[in-house]
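The values are calculated or read from the model by the stated rules, or taken from the named source; none is laboratory data. What you see is a predicted model, and the numbers here were worked out from it, not measured in a lab. Note: ideal-geometry Cβ built from the backbone for every residue, glycine included; neighbour counts use all protein chains shown. Ligands, DNA and RNA are stripped out before the accessible areas are found, and what is left, the full protein with its side chains, is counted by its heavy atoms. Shrake-Rupley method; radii C 1.70, N 1.55, O 1.52, S 1.80 Å.
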Amino acid sequence: MINRKKMKSLLILYSYHHKNTEKIAKVFSKVLDAEIKTPEQVNPGELQKYSLIGFGSGIYGAKHHEYLLDLADKLLQVTNKKAFIFSTSAIMGKAKVAKDHSKLREKLESKGYMIVDEFSCKGFNTNSFLKYIGGMNKGRPNAEDLKNAEEFAKNLKQNAPDS
């Protein structure tokens, strides 16, 4: 009989405006049986005990929230630690998501993290002038987005086993 130890996962999340990204993280957490912590709750030295770490927030000015980026700067150097990046944003598109994730991706890779996958979906946005017109992407993430998040997490669980 093969004795496989369970993959230990952590989600580091900053979600405050409409809790869009938190909705996605809760789906990931359920599938991956992962803890969810804010960047302020993370001690970089404790990250060694996780086999997979997700880093996510909403997108603000074409990048992840500063709290998440600041944490990435404080991370200890690792060797091929598996990680994934996730976000919610007002505007989608493969090139836009790649650009939005680029700053966090570069910081994580410079610390030795291996980005195994990335996820993004639309989120309700009432920033700036949008609040005067009722916002953008009302009701997002929706049931389809959450289903896509669940499939993404199942894929991660299957394809990113223990380190």
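Okay, here's what the table says:
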{"quantity": "For the range 20-32, 3J(HN,Hα) per residue [Karplus equation, 6.51 cos²θ - 1.76 cosθ + 1.60, θ = phi - 60°, Hz, x = Gly/Pro]", "calculated": "4, 6, 4, 4, 5, 4, 5, 5, 4, 4, 5, 5, 8"}
{"quantity": "Chain lengthening between Tyr60 and Glu35 when straightened (0.36 nm per residue, less Cα-Cα)", "calculated": "6.6 nm"}
{"quantity": "Gyration tensor (alpha-carbon) shape descriptor, the range 1-92, a/c threshold 1.5", "calculated": "oblate"}
{"quantity": "Heavy-atom SASA rank of Ile59, Ile91 (probe 1.4 Å, accessible area, largest first)", "calculated": "Ile91, Ile59"}
{"quantity": "Relative contact order of the range 51-104, pairs being alpha-carbon contacts under 8 Å that are 6 or more residues apart, as %", "calculated": "52 percent"}
{"quantity": "The range 97-126 versus the range 30-56: alpha-carbon centroid distance in Å", "calculated": "16 Å"}
{"quantity": "Net charge dipole size for the range 1-122 [Lys, Arg +1 and Asp, Glu -1 on Cβ; Debye, nearest 20]", "calculated": "380 debye"}
{"quantity": "Summed residue charge, Cβ within 11 Å of Glu150's Cβ, Lys/Arg positive, Asp/Glu negative", "calculated": "+2"}
